[in-house]
Structure formats: C-alpha cells, structure tokens
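The values are calculated or read from the model by the stated rules, or taken from the named source; none is laboratory data. Only a predicted model underlies this, so the values are computations on that prediction, with no experimental measurement involved. Positions of Cβ are backbone-derived with ideal geometry, glycine not excepted, and every protein chain shown enters the neighbour counts.
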Amino acid sequence: MPEPTVVHWHGLRIPAATDGTEVVQRPIQPGETFTYTFTPPDAGTFWYHPHANETEQLEKGLYGALIVRGTDEPILDGEQILVLDDLKVDPKGRLARFGTLMERHNGREGNVRLVNGKAEPELAIVAGQIERWRIINASSARTVRLAIGGQPFQILGTGGGLLESPVEATEILLAAADRVDLVVGPFAEGELLALEALPYNRGTGERQVERFATLKVGPAKPSTAVIPQCLRTIEPLVTGVVTPNCTIKLSGRMSLRRGFDFLINDEMHHHAEPVKMGELQVWDIVNVAPIDHPFHFLTSTRHC
C-alpha cells in the first residue's frame, strides 16, 4: 500500500508491543515489514483489522477472522464463519468519498451489505443438522440487530469466549466489532430464510429491515451434534455489594470548529488515574450522549 498501516488483533489478550495500535507500535511504512509474534491465551472468535486510517482501510477489505479453538469445544454438525460488513458506494458502484463531516461525527454506514466480502450472498445449511455460526460485525459504525428469519437459535459465546451455558434467543444486537457464536438449526428441507438486520436506531435515525444474506436449506441428513448445558465455569470477579471505584460519563458538546466533540468526564482525550497491574476496578459507565457509544479497552504496559 502507498500508506502506513498496523494490524490490531481485536479481543486478544496479547503483549502490547504486538497489539497493533499507534500507542504501542510505530506504523509500518510502505515497503517495510513487521512480523507479529504471539500465542493467543484464550479460545474464541476474534478478528484483525488495521488501526491506521482504519475506516478507509477496513472498507477496502483489510480485515479477517481469527479463530482460536479450545481443547473441549462443543461438537456440532458443521461450522460457518460469517463476517458482516457494509460498503458505501456511489451511483456508479465505486466507493463513495470518505470523511464527510457527518461521517466523522456518526461513523460511516454503507448502502451495500456484505457477508464474507459478497453482497447479500446465498448461504446453505443441511436440513435437520445443527451448526455453529461464528459471526463478526466488521462494520466501522453499523449496529446490527441480527435475526435469522425470526427462527430461534442459541447463543453459545460472545467476544469473551463460550458462555457458561447456551442462551435461547430470536435476535441479538451486535455493535461494531462485536462477535457472537450461535447454535443454528435444525431447519426443514426447502426453507428459505433471511439473515437480516431488524430496525434499530443508534442515535442516527432508525434503519428498516435490511438483508445481509439468504439461507437455503438443502436435503436432510441426521444430526450428531452434542451441545452440553454446561459449556465452562466462569468465576465471578466480585461478589456481594459492589461499590464502584469511579463513574465514567460519556457525553458530547457542539463545536464551532469540529461540529461536535465526544467527551469522557466532560473532557476530550481524558486521562484518568493509572490502574495498577492486578488491581480490580469496578466502573459505573453512564452514556448521556445522544448516540450509542460502544467501546472496548486497549491496554498497554509502560516501564519507568
């Protein structure tokens, strides 16, 4: 590429020097090489993407799934990895201009919906069988209220790996960068279902039902899937009455220069008190901004 980039491994607990953000790594310049070396400590569904000019580089396809398998995974009939994304194209089918004022405030949402890089593809599943679907929302801003033709499914895991036990649902809300593992099926032969985003307003106006893909159910085969009710044990971090260490307020204000500024505790680029290694923190997070504000933690270790 004729511009610098870095690779961020989204959701992985890895050393800061390989985390791929501008805070901990010098951007890789055109013509340079950098080798990322790490051992993923957790099983789960993760993904990677650039953390430099990321809106444009993501939209041009620089991302992918990273699946880490554990030693005691549930046994299903099959597995599909579905990476959801969207593109914003002009009337001639070219990528629309980047960086409008509204996009800088609200994020860029596209008018073409993709699954694994294809626009509204047809997916397939065998009738009578039960699959594990690993779903990643790689959209740079879109929140997806995901449903499969109104059919029930089970939530097997999220961005933190397997849950303690499966959870029944008919829809799930995926903010940008969210991941979820679903148990899908069984369906009847000949069914045609829509993998779709239901109406949702994240503060930028409500979207209507939008199709990501079509699911075609083929000839039947018997299932050999085994889904245990106890997937793993998750020890609680805290028990009893919890007193927060601090309150984190997310808000915003109008700006003559930038149009709108997002704030943390009434400050831009807020710097909180350092948290010590091994220290347990309980934060009370309050969003009073007019728009949904998903986020995740980027951690780094600094030596004096």
With the checklist (1) modelled with pLDDT under 95; (2) closer than 22 Å to residue 73 by Cβ in hand, flag the one item residue 126 doesn't pass.
-> (1)
Specify which of the listed residues (214, 170, 233) is within 29 Å of residue 74 (Cα to Cα), in contact with an Asp or Glu (Cβ under 6 Å, 6 or more places away or on another chain) and not acidic (Asp, Glu).
-> 214
Kindly check whether there is at least one residue in the range 219-242 that is in a strand (DSSP E or B), among the hydroxyl-bearing types (Ser, Thr, Tyr) and surrounded by 14 or more Cβ atoms within 10 Å (Cβ to Cβ).
-> no
Scanning for something without any contact (Cβ under 8 Å) to a residue 24 or more places away in the chain and more than 27 Å from the chain's Cα centre (by Cα), does the range 218-240 turn up at least one residue?
-> yes
Of the residues that sit in the range 100-118 and are in a loop (DSSP other than H, G, I, E, B) and in contact with an Asp or Glu (Cβ under 8 Å, 6 or more places away or on another chain), which one is surrounded by the most Cβ atoms within 10 Å (Cβ to Cβ)?
-> 108
Test: residue in the range 243-258 that is in a loop (DSSP other than H, G, I, E, B), modelled with pLDDT of 90 or more, under 22 Å from the mean Cα position of the chain (by Cα) and within 30 Å of residue 109 (Cα to Cα) = no
State yes or no: is residue 7 surrounded by fewer than 14 Cβ atoms within 10 Å (Cβ to Cβ) and of a type in the set (A, V, I, L, M, F, W, C)?
-> no
